[in-house]
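Data first, discussion second: the structure below is written as structure tokens.
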DNA sequence: CATTGGAAACTTGTATACAAGATGTCGTGA
DNA sequence: TCACGACATCTTGTATACAAGTTTCCAATG
């Protein structure tokens, strides 16, 4: 027996880390037996997953884990680029010592994470924290949550993209450069740096070739 | 008998135009009788309204139309400022004749709307179309929808703020200036113009003094 | 053998009875 | 008069039976 909140978080997590692959069927009856709960509260969970694009609901047919929508990925990258450029420039003048320490500690943890077990899982979480901290320090946690809310496609895209370890090192290095920019007030470098950091090599064909069956047609 | 979609749109509309005032109770049984539908599909509608912050659900107590959250208003204004500055600058170089015509036609309609019946209602709709068109022309309709999705508080705030007719004239004038900036490639003026256009005089006390009972504590 | 009909077994959608908590009322007692 | 407590009546939350559409599979028929 699980609560609705637990079920929601569990399913979200399993979809985001691709344990539940795009196209997987999420039947109400199967889920209600798995979680020992009736269909009514379960439908609440599925409704929420549907609104956040984790699943697609086909009436009288079934619920499928959504395929990765590259249009959504592109748009979220653009949104984050524009926002984080502005936020980082804004922070350059006003970053507190406490804020700097928080970011440095996070980058230290990222460095340690890269060469340990579950590197990808752990690193992605810390990367998330790094960027969220930027939003929070700038007083825009609200917008971070809004981005998170429509993040299913980007998050899964990103995970597939970062499968190679050398990518993690590059990303960590860019985090250091971003922090340096802020502490040294080098606002002129920010635009190009953030643009490249978020966009990565989105145009590479690696993902399309190896995970075509995860991608929305 | 109404469909879920109709009910959802109707309730959204009534909340946005303040026919349903903040704090109004939306009881499931009352609504199910009004729309001649059972509680189950109605709860689907309320769930969606809840996720989009149109209502607040207090378990076993009731559902209230949400109060206007000024923090959300501030954040949406910031988000739109940053995005529209970038979008407008980007369009300055690449606006098509068709795009220019579409925007001009819209502004013509805005001018006519100001002095007719239901000026506010009509003008707000056209204003919405103007800004949506900017997003669409720039290839970012996705982000317009994302903003719309978390727009309840901003939309109601705005309506209260624009109750005076002279405001409409000022806004229309600024729309013309924005269009001129784009056609004349005067990108240096964009930042200040957009900033002022979206922010308006949000700091005025008019709203707080006259509609305090609509505002979230 | 291929094709078509149709029933059976699925799917989600809806109505409804009941559970359980919150609230307000009214009466009793001090 | 005031305080308190039981109860009646609200509210939303949950379980479940049934409705209605979709798919699958198998057998009958050409």
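Computed quantities for the displayed model
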quantity: Test for residue A:12: is it away from DNA strand C (no atom under 16 Å from the Cβ) and either crowded, with 17+ Cβ neighbours inside 10 Å or not in a helix (DSSP H, G or I) (or both); calculated: yes
quantity: Failed condition for residue A:88, given (1) away from DNA strand C (no atom under 13 Å from the Cβ); (2) surrounded by fewer than 18 Cβ atoms within 10 Å (Cβ to Cβ); calculated: (2)
quantity: Any chance residue B:100 is in the same structural domain as residue B:193 (by TED's automatic domain parsing) and surrounded by fewer than 16 Cβ atoms within 10 Å (Cβ to Cβ); calculated: yes
quantity: Set B:82, B:65: member being more than 16 Å from DNA strand C (Cβ to nearest atom), more than 23 Å from residue A:78 (Cα to Cα) and free of Cβ contacts under 8 Å to residues at least 60 places away in the same chain; calculated: B:65
quantity: The one condition in (1) without any contact (Cβ under 8 Å) to a residue 60 or more places away in the chain; (2) more than 13 Å from DNA strand D (Cβ to nearest atom); (3) surrounded by fewer than 14 Cβ atoms within 10 Å (Cβ to Cβ); (4) farther than 27 Å from residue A:184 by Cβ that residue A:23 fails to fulfil; calculated: (1)
quantity: Test for residue A:55: is it touching a strand residue (DSSP E or B) at 6+ places or on another chain (Cβ under 7 Å), in the same structural domain as residue A:22 (by TED's automatic domain parsing) and modelled with pLDDT of 95 or more; calculated: yes
quantity: Among residues of the range B:16-44, those that are more than 14 Å from chain A (Cβ to nearest Cβ) and either on the phi > 0 side of the Ramachandran plot or within 15 Å of DNA strand C (Cβ to nearest atom) (or both), counted; calculated: 13
quantity: Test: residue in the range B:45-55 that is touching a residue at least 24 places away in the same chain (Cβ under 8 Å), farther than 21 Å from residue A:43 by Cβ, more than 14 Å from every other protein chain (Cβ to nearest Cβ) and not in a loop (DSSP other than H, G, I, E, B); calculated: no
quantity: Helices (runs of 4 or more DSSP H) enclosed by the range B:111-217 - at least 2 residues per element that are touching a helix residue (DSSP H, G or I) at 6+ places or on another chain (Cβ under 7 Å); calculated: B:119-137, B:141-149, B:152-161, B:165-183, B:190-199
quantity: Among the residues listed as A:70, A:10, the single one being more than 10 Å from DNA strand D (Cβ to nearest atom) and in contact with a strand residue (DSSP E or B) (Cβ under 8 Å, 6 or more places away or on another chain); calculated: A:70
quantity: Flag for residue B:7 being closer than 24 Å to residue B:146 by Cβ, more than 10 Å from DNA strand C (Cβ to nearest atom) and away from chain A (no Cβ under 13 Å); calculated: yes
quantity: Subset of the range A:62-87 (residues that are within 12 Å of another protein chain (Cβ to nearest Cβ) and over 22 Å from residue A:207 (Cβ atoms)); calculated: A:82, A:83, A:84, A:85, A:86, A:87
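A quick yes/no check of all residues on (1) under 17 Å from the mean Cα position of the chain (by Cα); (2) modelled with pLDDT under 95; (3) within 14 Å of another protein chain (Cβ to nearest Cβ):
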residue: B:152; (1), (2), (3): yes, no, yes
residue: B:160; (1), (2), (3): yes, yes, no
residue: B:163; (1), (2), (3): yes, yes, no
residue: B:168; (1), (2), (3): yes, yes, no
residue: B:172; (1), (2), (3): yes, no, no
residue: B:200; (1), (2), (3): yes, yes, no
residue: B:203; (1), (2), (3): no, yes, no
residue: B:208; (1), (2), (3): no, yes, no
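The values are calculated or read from the model by the stated rules, or taken from the named source; none is laboratory data. Everything numeric here is computed off the predicted structure, so don't read it as measured data. Don't worry about glycine lacking a Cβ; one is built from the backbone with ideal geometry, like all the others, and counts go over all protein chains shown.
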